[in-house]
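Novice: Got a structure for you, questions after.
The values are calculated or read from the model by the stated rules, or taken from the named source; none is laboratory data. Only a predicted model underlies this, so the values are computations on that prediction, with no experimental measurement involved. Positions of Cβ are generated from backbone atoms using ideal geometry, with glycine treated the same way; all protein chains shown enter the neighbour counts. For the accessible areas, the whole protein counts, side chains as well, though only heavy atoms, and no ligand, DNA or RNA atoms are used. Shrake-Rupley method; radii C 1.70, N 1.55, O 1.52, S 1.80 Å.
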Amino acid sequence: MLKYSSFDIVFQEVPDEVTLALNITRCPNHCRGCHSPWLWEDIGTPLDESVLSQIIENYRGEITCVCFMGGDISPRRVEDLSKQVRAQFPELKTAWYSGRDVLPEEINAESFNYIKLGRYCETLGGLRSRTTNQRMYKIQDDGTMLDITTVFYGS
């Protein structure tokens, strides 16, 4: 079961999108220097289809994307929720911020519009760092993952 501790409307996590970001708990990665270590804990509210739909309905017309921030404890569940969003709210895009270094074999990239992969490594920095190990991908119509990480670098 996925749980979330909070959500917010954000503007920087997914390029050119007004994003509803859901902070998923029980993160198994425990990255050193993590900016959200409380998300390692088994806390929060269960995130099911009904709860997710209600949250989205509250912001419908104001958001363009739904992003699952974490969920590595249950990638298949994240994928299922993304599929639900795309079916129920076809105007919205979906994204997944995963701390895994590679997309799990059982996950179909086409279930998302964007996927961020990579553990946070303190010495390499996050997506804004030119030395980051993390990668943001835009999923193309043919299912290929186009690396768009450089959009975070700025000038």
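Novice: Taking N as the number of residues in the chain, what is its Cα Rg relative to 2.2 N^0.38 Å? Walk me through the numbers on the way to the answer.
Specialist: On the way: Rg = 14.5 Å, N = 155, 2.2 N^0.38 = 15.0 Å.
Its radius of gyration relative to the 2.2 N^0.38 Å reference: 0.97.
Novice: To the nearest 20 Debye, how big is the dipole of the range 60-155 about its Cα centre, given +1 on the beta carbon of each Lys and Arg and -1 on that of each Asp and Glu?
Specialist: Numbers: 13 positive and 13 negative charges, 61 e Å.
That gives the range 60-155 a dipole magnitude of about 300 debye.
Novice: On to the next question. Mind listing the phi-derived Karplus ³J(HN,Hα) values for the range 76-88, rounded to whole Hz, using 6.51, -1.76 and 1.60 with θ = phi - 60°, and x for any glycine or proline?
Specialist: 4, 5, 4, 4, 4, 5, 5, 4, 4, 4, 5, 7, 7
Novice: Let me spell out the model: positive unit charges on the Cβ of Lys and Arg, negative unit charges on the Cβ of Asp and Glu, origin at the Cα centre of the range 56-102. What dipole size does that give, in debye rounded to 20?
Specialist: Dipole size: approximately 120 debye.
Novice: Can you give the calculated 222 nm mean residue ellipticity of the chain, where each DSSP H run of n ≥ 4 adds -39,500 (n - 2.57) and the sum is split over every residue, rounded to the nearest 500 deg cm²/dmol?
Specialist: On the way: 2 runs with 25 residues, N = 155.
Calculated from helices alone, the mean residue ellipticity at 222 nm is -5000 deg cm²/dmol.
Novice: Pick out, from ALA87, SER6, VAL51, the residue whose Cα sits farthest towards the positive end of the charge dipole of the chain, with +1 on the Cβ of Lys and Arg and -1 on the Cβ of Asp and Glu.
Specialist: Farthest along the dipole direction, towards plus: SER6.
Novice: Still on this structure: Quick one: accessible area per residue over the range 93-143, 1.4 Å probe, rounded to a whole number of Å²?
Specialist: Numbers: 2640 Å² over 51 residues.
Computed with neighbouring chains in place, this is 52 Å² per residue.
Novice: Could I ask something else about it? Hey, any idea what % of the chain's accessible area is carbon plus sulfur with a 1.4 Å probe? Mind dumping the intermediate values first?
Specialist: Values: 3890 of 8040 Å².
On the chain, the fraction of accessible area on carbon and sulfur atoms equals 48 percent.
Novice: Please work out the ratio of the alpha-carbon Rg of the range 41-127 to 2.2 N^0.38 Å and round it to two decimals.
Specialist: Details: Rg = 13.6 Å, N = 87, 2.2 N^0.38 = 12.0 Å.
Scaled against compact globular proteins, the figure is 1.13.
Novice: Any idea what log10 I(q)/I(0) is at q = 0.12, 0.26, 0.28 Å⁻¹ for the range 1-68, Debye with uniform C-alpha scatterers and no solvent?
Specialist: The calculated log intensity ratios at q = 0.12, 0.26, 0.28 Å⁻¹ are -0.34, -1.15, -1.21.
Novice: Compute the distance in nm between two label points, each set 7 Å from the Cα along the Cα-to-Cβ direction, one at ASP8 and one at ASN133.
Specialist: So the label points at ASP8 and ASN133 sit 2.6 nm apart.
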